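Shown next, in structure tokens, is the structure this report addresses.
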Amino acid sequence: MEKSLAPKVEALYQAVMELFAEGADLNTLTVAEIARKAGIGKGTVYEYFDNKEEMIAGAAYYFAKSSCQRMYKKLEEKESLYERMSLFLQSMDEEMNDIVCFVRVLHMMTDNSTVSNKLREYLKNKGPEEVLIMDLVRKIIEAEVKLDGEKENNAAYLEMMAFSRIICYALYQFEMKERTNIAPGDMHEMICRDICRDVADFKAREAGKQT
């Protein structure tokens, strides 16, 4: 069972993510700003973290892990691939702050800053019980595709395809919705349909190899 966060650490993480969602620049964000947002004295921050970068990376990682674990519990209740993907996207719709933070974390992962390096370290050392977004996608795909031998490499590509469509949906909600003529419901349907089609095509190809 995951150890609970100290209340002040949780408050600091929440403050980081709120500032993150509001568009704060991580390169100029200060410990004082985060502490003020959390309602905690600046000196107290250093009782829990060595530096600002460790706190920000920890907040991003904790946010991602907690969101995905909540979503995984909901997905387990659905039977079909379409239902699981529809719920996945619906959860993103209902928590717009999650989408904003998700997109910004993705952007953050593309640079070589101290925060990004620390976040990659957390990802590399994550425990087997910790569920992140790629683990969610993998579990969704593995529920539909039986993996063995050479299939695993092909299925890994299938997982990346599904993940890319989810990123596409997040970007649409985050910054493209107002710049296209695609209605949210239509975009939702297209993403679910395309992922289901990708999986169906994969199954058909694998079945063809066995005949």
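The values are calculated or read from the model by the stated rules, or taken from the named source; none is laboratory data. All of these numbers come straight from a predicted model, not from anything done at the bench. Because the Cβ atoms are built from the backbone with ideal geometry, glycine has one as well, and the counts that use them run over all protein chains shown. Keep in mind that these areas ignore ligands, DNA and RNA; they rest on the heavy atoms of the full protein, side chains included. Shrake-Rupley method; radii C 1.70, N 1.55, O 1.52, S 1.80 Å.
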Looking at (1) open to solvent by 60 Å² or more (accessible area, probe 1.4 Å); (2) within 25 Å of Gln173 (Cα to Cα); (3) in contact with a helix residue (DSSP H, G or I) (Cβ under 9 Å, 6 or more places away or on another chain); (4) of a type outside the set (A, V, I, L, M, F, W, C), which is the only condition Lys73 fails?
(3)
Which of (1) at pLDDT below 85; (2) not in a helix (DSSP H, G or I) is the odd one out, the single condition Gly208 does not satisfy?
(2)
Exception for Gly39 within (1) within 25 Å of Glu130 (Cβ to Cβ); (2) in contact (Cβ under 8 Å) with a residue 12 or more places away in the chain; (3) of a type outside the set (A, V, I, L, M, F, W, C) falls at (1)
For the stretch 1-12, state whether one or more residues are under 25 Å from Lys124 (Cα atoms), outside any helix (DSSP H, G or I) and hydroxyl-bearing (Ser, Thr, Tyr).
yes
Can you tell me which residues in the stretch 1-38 are among the small types (Gly, Ala, Ser), at pLDDT 90 or above and out of contact with any helix residue (DSSP H, G or I) (no Cβ under 7 Å at 6 or more places or on another chain)?
Ala6
Please specify each residue of the stretch 185-209 satisfying the condition of being of a type outside the set (Phe, Trp, Tyr), open to solvent by less than 60 Å² (accessible area, probe 1.4 Å) and touching a residue at least 40 places away in the same chain (Cβ under 8 Å).
His188, Ile191, Cys192, Ile195, Cys196, Asp198, Val199, Glu206
Please verify whether the stretch 48-62 includes one or more residues that are in a helix (DSSP H, G or I), open to solvent by 30 Å² or more (accessible area, probe 1.4 Å) and under 21 Å from Val131 (Cβ atoms).
yes
Which numbered condition Asn181 fails, given (1) over 30 Å from Tyr62 (Cβ atoms); (2) in a helix (DSSP H, G or I)
(2)
All but one of (1) at pLDDT 85 or above; (2) in contact with a helix residue (DSSP H, G or I) (Cβ under 8 Å, 6 or more places away or on another chain); (3) not in a loop (DSSP other than H, G, I, E, B) hold for Glu83; state the number of the condition that does not hold.
(2)
The listed residue being modelled with pLDDT of 85 or more and open to solvent by less than 40 Å² (accessible area, probe 1.4 Å), out of Val145, Val115, Val137, Val131
Val137
